[in-house]
Amino acid sequence: MIEVKNLVKRYGSHTAVDHLSFTVEKGQIYGFLGPNGAGKSTTMNIMTGYLGATEGEVLIDGHDILEEPEKAKKCIGYLPEIPPLYTDMKVGEYLKFVAELKEIDREKRRVEIQKALTMTKLQDVENRLIKNLSKGYRQRVGLAQAIMGFPDIIILDEPTVGLDPKQIIEIRELIKELAQEHTVILSSHILAEISAVCDHIMIISNGKLIASDTPENLEKQMSDAGTLYLEVKTDKESLQTMLSEISGLGKWSVEEKEDSCIATIEEGEKEDPREELFYACAQSRYPILMMQYKKASLEEVFLELTEAARKDAERLKNNRRFGERRKKKELVKEEAKEDESNL
């Protein structure tokens, strides 16, 4: 459906998108995550034809967004971070204008407009000027123009900005409804929102793709995913003996407290060994004071991956600076040698 190949966007010496490649399959909701300045909006603007790329290409249903912009853009509905609204128009007038721009058949325009109004719950404000609407309603109008004509691909950049909690839930339901017949790409800073609606998550940092997988698989990749904490009222040696007799446990360690011991057990062959540990403790007559199974949240996944990417980028930058200083020193030495030979 969408192929992004070796995409690069530079602004002078600054690289906003750095050799980015990924594929978006049909009929799924993709979450696009990244810290501020990571290159999310720049990538979306290139994918929709708002910006040109320095290098690389974007194929929309087989059409190059730069070489065949008209055919490619017909497949896309786009809601930028700041909705492109004409605030002196009424809501209905604006959506009629959008329908004309998208070349929707004249006979179908009214039906399509009413459908968009209903899905975004804008029927009550159809005859109001956009400039008199709240920020939340303006966001809805922007969403209505994105889905007008119901293209195969719908790209939403921060679609819930300015909405109240009830409206956010309604937009989530709308996105899920759209995904039944459309491919949706969603950018957001609200990680709970991404986790709640997305089938697949792509995380970028410093313009590079650093992770691409389902929310569940991303959580499993974390170092503390599937970690079990077990507090038992017994001595350290007895607990260690019991744990060593259970096959399939991951790496574990035991910390001794005043009247109990806490075992930290990482995920092993047994993804969730709580039942077997319960029966082992019962057989040994060790009272269980606490048993907690912890999985990494999407927030933890995001923070760990982006922090690692930031450190890698900083290390690469320092290496380049070191290399440049070294070249300068070598150049100075060579010039000094030439001066000595000339003397």
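The values are calculated or read from the model by the stated rules, or taken from the named source; none is laboratory data. Quantities reported herein were computed from a predicted structural model and do not represent experimental measurements. A quick note on method: Cβ atoms are made from the backbone with ideal geometry, for glycine too, and the neighbour counts reach across all protein chains shown.
So, restricting to strands (runs of 3 or more DSSP E) that lie completely within segment 2-101, which ones have at least 3 residues that are touching a Ser or Thr at 6+ places or on another chain (Cβ under 7 Å)?
In segment 2-101, the matching strands (runs of 3 or more DSSP E) lie at 2-11, 14-24.
Consider T234 against the criteria (1) in the same structural domain as G49 (by TED's automatic domain parsing); (2) farther than 30 Å from E100 by Cα; (3) more than 13 Å from the chain's Cα centre (by Cα); (4) surrounded by 17 or more Cβ atoms within 10 Å (Cβ to Cβ): it satisfies all of them except one. Which criterion is unmet?
It fails just one condition, (1).
Would you check if there is a residue in segment 121-140 being within 23 Å of R109 (Cα to Cα), in the same structural domain as I104 (by TED's automatic domain parsing), in contact (Cβ under 8 Å) with a residue 40 or more places away in the chain and out of contact with any helix residue (DSSP H, G or I) (no Cβ under 9 Å at 6 or more places or on another chain)?
No: zero hits.
Rundown of residues vs (1) surrounded by 14 or more Cβ atoms within 10 Å (Cβ to Cβ); (2) within 22 Å of the chain's Cα centre (by Cα); (3) within 28 Å of F302 (Cα to Cα), yes/no style:
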{"position": "K5", "(1), (2), (3)": "yes, yes, yes"}
{"position": "T23", "(1), (2), (3)": "no, yes, yes"}
{"position": "L33", "(1), (2), (3)": "yes, yes, yes"}
{"position": "H63", "(1), (2), (3)": "yes, no, no"}
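Restricting segment 155-188 to residues that are within 20 Å of I46 (Cβ to Cβ) and not hydroxyl-bearing (S, T, Y), which is surrounded by the fewest Cβ atoms within 10 Å (Cβ to Cβ)? First the steps, then the outcome.
Taking segment 155-188 as the starting set, the residues that turn out to be within 20 Å of I46 (Cβ to Cβ) are 155-159, 183-188.
Cutting the leftovers down to not hydroxyl-bearing (S, T, Y) gives us 155-159, 184-186.
Working: I155: 25, L156: 26, D157: 24, E158: 19, P159: 27, V184: 25, I185: 26, L186: 26.
The selected residue is E158.
Looking only at segment 247-262, decide whether some residue is in a helix (DSSP H, G or I), over 30 Å from E193 (Cα atoms) and at pLDDT 70 or above.
No, segment 247-262 contains no residue that is in a helix (DSSP H, G or I), over 30 Å from E193 (Cα atoms) and at pLDDT 70 or above.
Quick check on E57: is it acidic (D, E) and more than 25 Å from K208 (Cα to Cα)?
Taking the combined requirement at face value, the residue does not satisfy it.
Which residue is surrounded by the most Cβ atoms within 10 Å (Cβ to Cβ), if the candidates are limited to segment 267-296 and must be among the charged types (D, E, K, R) and touching an Asp or Glu at 6+ places or on another chain (Cβ under 8 Å)?
Within segment 267-296, the first condition is being among the charged types (D, E, K, R), and the residues that meet it are 267, 269-272, 274-276, 285, 294-295.
Next cut, touching an Asp or Glu at 6+ places or on another chain (Cβ under 8 Å) only: 270, 294-295.
Working: K270: 18, K294: 13, K295: 14.
It comes out as K270.
Any idea how many residues of segment 116-160 are β-branched (V, I, T) and modelled with pLDDT under 90?
Going through segment 116-160 one residue at a time, the tally reaches 2.
Quick one: which residue in V91, V111 is among the hydrophobic types (A, V, I, L, M, F, W, C) and touching a residue at least 24 places away in the same chain (Cβ under 8 Å)?
The conditions single out V91.
Before we move on, is A16 of a type in the set (G, A, S), surrounded by 14 or more Cβ atoms within 10 Å (Cβ to Cβ), within 17 Å of the chain's Cα centre (by Cα) and farther than 26 Å from L129 by Cβ?
yes
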